[in-house]
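The values are calculated or read from the model by the stated rules, or taken from the named source; none is laboratory data. Values in this document were obtained by computation on a predicted structure and should not be read as measured data. Positions of Cβ are backbone-derived with ideal geometry, glycine not excepted, and every protein chain shown enters the neighbour counts.
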Amino acid sequence: MSGIKVIIFDDNDSLRDSISMLLQDNADFTLAGSYSHCFDAAENITNTKPDVVIMDIDMPGMNGIEGVKLIRKNFPAVQILMLTVFDDDEKVFAAIKAGANGYILKNAEPQHLLHAISEVYNGGAPLTPVIAKKILHQFKTILPEEEKDYQLSTREKEVLSLLVDGLSYKMIGAKLSITYDTVRAHMKKIYEKLHVASMTEAVAKAITQNIFPAK
């Protein structure tokens with residue numbers, strides 16, 4: 001198998017079939033698994049070793065937000081892309097807080113979904129425009145927190161600053177003349193030091209606490 005390995009969690013059989021066919025028709029992607037619930041998410045991921053998980057929210061038994069928490073706890077390197085009909089603030093922010101890396105609505109065009117999968121795989125945070133607006137609005141309403149020293153290195157602050165500017169991991173690597181794997185290693189340290197579980201949380205904390213390299 002080659003390409004970006006993807007698995008799907010969604011209880012809508014026809015949608016899973018549609019996404020499966022979309023992935024199977026594109027050589028850049030490999031469908032590694034398709035599931036109607038996320039009760040066995042940990043076992044499914046252990047068996048398939050995906051790069052990206054596509055996760056619905058409304059599923060029987062364990063919902064997708066609980067599924068994201070489970071995956072993020074046990075498989076921190078796996079990228080998670082929410083694909084759902086829900087655009088209400090509560091579910092959007094619950095998913096991001098749980099550790100989702102991107103949030104796309106189900107009315108997205110097929111090519112937009114493929115682009116979002118590639119983007120999240122490469123360290124980006126793809127968001128449907130209406131979701132991005134909600135998040136930006138939320139940032140504006142957050143009062144600056146008391147500044148703390150998170151012991152970030154100068155390089156980690158540079159990486160975080162470029163992340164806030166919207167650059168993907170690959171773009172950050174090119175900008176700083178470091179490898180993609182080095183960027184990921186820096187991001188792992190940044191997540192640990194900031195006590196966050198997702199890129200969006202890291203960006204929010206960077207903005208509210210002005211964590212940027214000295215000019």
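Can you tell me which residue within segment 176-205, out of those that are of a type in the set (A, V, I, L, M, F, W, C) and without any contact (Cβ under 8 Å) to a residue 40 or more places away in the chain, is surrounded by the most Cβ atoms within 10 Å (Cβ to Cβ)?
So, considering only residues that are of a type in the set (A, V, I, L, M, F, W, C) and without any contact (Cβ under 8 Å) to a residue 40 or more places away in the chain, the one surrounded by the most Cβ atoms within 10 Å (Cβ to Cβ) is I190.
Those residues that are farther than 25 Å from E43 by Cβ and touching a helix residue (DSSP H, G or I) at 6+ places or on another chain (Cβ under 7 Å), I need them from segment 66-90; list them, please.
D87, D89, listed by residue number.
Could you check, for segment 6-25, whether at least one of its residues is modelled with pLDDT of 90 or more, closer than 26 Å to Y169 by Cα and of a type in the set (S, T, N, Q)?
The answer is no, given that none of the residues of segment 6-25 is modelled with pLDDT of 90 or more, closer than 26 Å to Y169 by Cα and of a type in the set (S, T, N, Q).
Name, by its number, the condition in (1) in contact with an Asp or Glu (Cβ under 6 Å, 6 or more places away or on another chain); (2) surrounded by fewer than 24 Cβ atoms within 10 Å (Cβ to Cβ); (3) not charged (D, E, K, R) that does not hold for L70.
(1)
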